[in-house]
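**Student:** Here you go, one structure.
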Amino acid sequence: MNWKISLTLLLLGTGASVAVAGDWAHWRGPEQNGISREKNLVDDWSFSDSKNILWVSETGGRSTPIVLNGRVYLNCRTPDDVTDPVQKIHAREQVVCWDAKTGEVLWRDVFNVFQTDVPAPRVGWASMLGDVETGMVYVHTVSGLFRCYTPDGKVVWERSLYEEFGQISGYGGRFHTPLIDEDRVIVSFLQQNWGETGGPPKHAYYAFDKRTGELRWVSAPGGTPQDTTYSSPVVAVIDGVRMLIGGNGDGGVYAIHARTGQPLWGFRMSKRGLNAAPVVDGNLVYISHGEDNIDTVKFGRVQCIDGTGRGDITDTHSVWRVDDVKAGYTGLLVKDGILYVVTDTGSMIAFDSKSGEQLWVKNLGTVGKGSPVWADGKIYVMEVNGNIHILKPSREGCETLSHVELRAANGVGMDEIFASPAIADGRIYFVTRDRTICVGNPDQPAASDPVPPLPDEKPAESEAALVQLVPFETQIKGSGQVEYQLHVFDKNGRLIEVTDPVLEPQANLSSAKAEGSKLVIEAPQVEQGGHVIAKFGDLTARARVRIFPELPWRWDFNDYADKQVPSTWIFGRKLAAADVEGERALVNTPGPGKPSIGVWFGPAEMSGYTVQADVLMREEKRKLANVGVTVQRYNLILKGNTQKLSVQSWPAHLRMAREISFRSDPDVWYTMKLRVDIKDDGAHVLGKVWKRGQEEPEAWTIEAVDPHPNMTGSPGIYIYSLASSAFDNVIVTQE
């Protein structure tokens, strides 16, 4: 199969989405910039006497809601369940769907949080995303699940970003909100994967097919991340080129081709990661931060960039900048030649968007984190400490039309607000920690100006400049096959041809053979990680493949060279082969970054298996590491410092956990074994520990029951790296 794609067919084939005024499918609206074209919106409202309040839900959260086809969707945590007298807390994550007109809950999907350092109050950080073409909605959870739902709440596809791609979980809960562009759904995160991407952490963008979840491409512009971040990227057409533009963990803002991920330009700003979302107006890109500048001793900056450059444009394409403005959280807003910036200290500053001249300052409160929204000549903006403002701005100043202060639902102190407003069909939706509020005038019909399209792109050219194999990364357990396509792009990132490739599996995929455009794997005996390539003229495309044999799996590392690790292990380079008391083992040594480490070595869909491994802890500075094994997203952990043995799933929040006293000494090898049995009352998590070389005890050392079971998950090992540790004789068997 080989065909040329005309512009018309390309638009049909990629499913180019058209923004709709009556929807708020992206956290910053139809244009991804905080602008709504709606009219006849309310100027004021009151919570105390329910003025202009259409409905209120007791479910709140941190993220911005989306509105699509008459439904409101929110990702948030569940309330604490204190009915269990022992554990007392059953916090989980959920997606809630309301009827937009009535506030009736249409469906709710509740699921576990696992294998993350994010604490419970920060669950539900990233906002959801809707697709106006298909009606499907997407969520990026704090457990690294990237999930696609039908409008009625059925899961269409799911990817586990931790276990499949090495997503890094930070303590603060910062997670990026995804976006849709044409037929791709794109999400960014910090990652340390396998193979050539298993080295130092990188901030990467992953583009999936929005219908199937198939991975199209990965792009990692910029340098080493300095922090976890949540700057949500935007899509814009600048100088005829379709770009994806976002803040990076290395303190720079980067533009890449939206259809291919190829780098276009970078602009370095801060010594820490960027969290604010950029906004684009014509060829100008606006972004801010609240940390150290790279070239001054002042903190914070508002920056205007000429987005037509290429390469490193730090020294060449700054249009204007204003330093000493700490604006590190909120997305910027530009409308009618005015740039609105909400600062970390709760003020809104208006600048002339072309010159950077400050026009005025408006005090909103003390802490600004929700991004402002412009609609119907007004700005709707929220402040963390329970303040919601409706403002009427101009170049001369800013008039307050409405100011509502919300107290906490329990009456103690103020409510908290981290979300941005959402506007759709004449209604404004405010999400606070304690509630979701729908505001509007029921007697006023909804009306809207049309949403303007993106600027025209340069016409597609016939000469190929880049080729990509799709899917870009796959994994196969046992025998199977993968069907590939070759996508051909011109120099401006426009798709000009799709063809069946002639595949060439590389030597490190010894169990794979090519059959035309198919990669066929037959009964592999050992795990393999490598590449398959395809050529198009002088151009070469490369895709990544991991191959896993059927169970059992065994690693004794006797034949491993110094610093070698299994090629398919996610986060494997946190360990390195070395001699330990005369035998080969994998050793972890404390280094920079967070001390908690999860290493995964199989598909996330696995279940019904047992993991066993030998572990050893070294004492360093009177500290011992915590070491353990992982089965179906449960950890069995030997805690050297506290002399405990623990079973848990969510280290930062013990939703399900059990701990017993257990003596473990430094420089002594122990064998750990973990199994999970799914029964009618939940997951029975069964763990054993004994000194290596002694007879395995018949009874389980520790048992715990999770009434909300994790049904699947990758096998792995767990480390809390306060001191050195070692692992040997890792075994995964089917039970």
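The values are calculated or read from the model by the stated rules, or taken from the named source; none is laboratory data. Please read these numbers as outputs of a predicted model, since none were measured by experiment. Cβ: placed from backbone, ideal geometry, glycine included. Neighbour counts: every protein chain shown.
**Student:** Name the residue that is nearest to residue 679 (Cα to Cα), counting only residues in the range 698-717 that are surrounded by fewer than 22 Cβ atoms within 10 Å (Cβ to Cβ) and of a type in the set (Ser, Thr, Tyr).
**Tutor:** Filtering the range 698-717 for residues that are surrounded by fewer than 22 Cβ atoms within 10 Å (Cβ to Cβ) and of a type in the set (Ser, Thr, Tyr), the one nearest to residue 679 (Cα to Cα) comes out as 712.
**Student:** Here is a follow-up. Which numbered condition trips up residue 305, out of (1) under 23 Å from the mean Cα position of the chain (by Cα); (2) crowded, with 21+ Cβ neighbours inside 10 Å; (3) under 23 Å from residue 454 (Cα atoms)?
**Tutor:** Unmet for residue 305, out of (1) under 23 Å from the mean Cα position of the chain (by Cα); (2) crowded, with 21+ Cβ neighbours inside 10 Å; (3) under 23 Å from residue 454 (Cα atoms): (1).
**Student:** Filter the range 389-422 for residues that are farther than 25 Å from residue 124 by Cα and of a type in the set (Gly, Ala, Ser); which is surrounded by the most Cβ atoms within 10 Å (Cβ to Cβ)?
**Tutor:** 402
**Student:** Of the conditions (1) crowded, with 21+ Cβ neighbours inside 10 Å; (2) more than 30 Å from the chain's Cα centre (by Cα); (3) at pLDDT below 95, residue 444 fails just one. Which one is it?
**Tutor:** (1)
**Student:** Here is a list of conditions, (1) within 19 Å of residue 283 (Cα to Cα); (2) assigned to a strand (DSSP E or B), and residue 392 meets all of them except one; can you say which number that is?
**Tutor:** Status for residue 392: all satisfied but (1).
**Student:** Shifting gears a bit: Any chance you could count how many residues in the range 636-669 are outside any loop (DSSP other than H, G, I, E, B), surrounded by 21 or more Cβ atoms within 10 Å (Cβ to Cβ) and over 32 Å from the mean Cα position of the chain (by Cα)?
**Tutor:** Residues in the range 636-669 being outside any loop (DSSP other than H, G, I, E, B), surrounded by 21 or more Cβ atoms within 10 Å (Cβ to Cβ) and over 32 Å from the mean Cα position of the chain (by Cα): 0 in total.
**Student:** Please work out which residue is surrounded by the fewest Cβ atoms within 10 Å (Cβ to Cβ), limiting yourself to the range 219-255 and to residues that are under 18 Å from the mean Cα position of the chain (by Cα) and of a type in the set (Val, Ile, Thr).
**Tutor:** Only one residue tops the list, namely 224.
**Student:** State all residues of the range 453-502 that are of a type in the set (Asp, Glu) and assigned to a strand (DSSP E or B); if no residue qualifies, say none.
**Tutor:** 473, 483, 497
**Student:** Yes or no: residue 205 without any contact (Cβ under 8 Å) to a residue 60 or more places away in the chain, within 16 Å of the chain's Cα centre (by Cα) and not in a loop (DSSP other than H, G, I, E, B)?
**Tutor:** yes
**Student:** So residue 366 fits all but one of (1) part of a loop (DSSP other than H, G, I, E, B); (2) closer than 24 Å to residue 65 by Cβ; what number is the exception?
**Tutor:** In the conditions (1) part of a loop (DSSP other than H, G, I, E, B); (2) closer than 24 Å to residue 65 by Cβ, residue 366 misses (2) alone.
**Student:** It is to be established whether one or more residues within the range 560-576 are closer than 30 Å to residue 486 by Cα, assigned to a strand (DSSP E or B), outside the structural domain of residue 487 (by TED's automatic domain parsing) and touching a Gly at 6+ places or on another chain (Cβ under 9 Å).
**Tutor:** Within the range 560-576 (the criterion being closer than 30 Å to residue 486 by Cα, assigned to a strand (DSSP E or B), outside the structural domain of residue 487 (by TED's automatic domain parsing) and touching a Gly at 6+ places or on another chain (Cβ under 9 Å)), the answer is yes, since at least one residue qualifies.
**Student:** Only residues that are surrounded by fewer than 24 Cβ atoms within 10 Å (Cβ to Cβ) and of a type in the set (A, V, I, L, M, F, W, C): list them for the range 173-184, please.
**Tutor:** Correct list: 180 only.
**Student:** Limited to the range 671-706, what total is found for residues that are in contact (Cβ under 8 Å) with a residue 60 or more places away in the chain and either basic (Lys, Arg) or assigned to a loop (DSSP other than H, G, I, E, B) (or both)?
**Tutor:** Qualifying residue count for the region: 3.
**Student:** Can you tell me which residues in the range 190-201 are buried (at least 23 other Cβ atoms within 10 Å of the Cβ) and without any contact (Cβ under 8 Å) to a residue 40 or more places away in the chain?
**Tutor:** Passing the criteria: only 191.
**Student:** In the list 507, 523, 514, which residue meets the criterion of being over 30 Å from residue 239 (Cα atoms), touching a residue at least 24 places away in the same chain (Cβ under 8 Å) and more than 32 Å from the chain's Cα centre (by Cα)?
**Tutor:** Answer to the check: 523.
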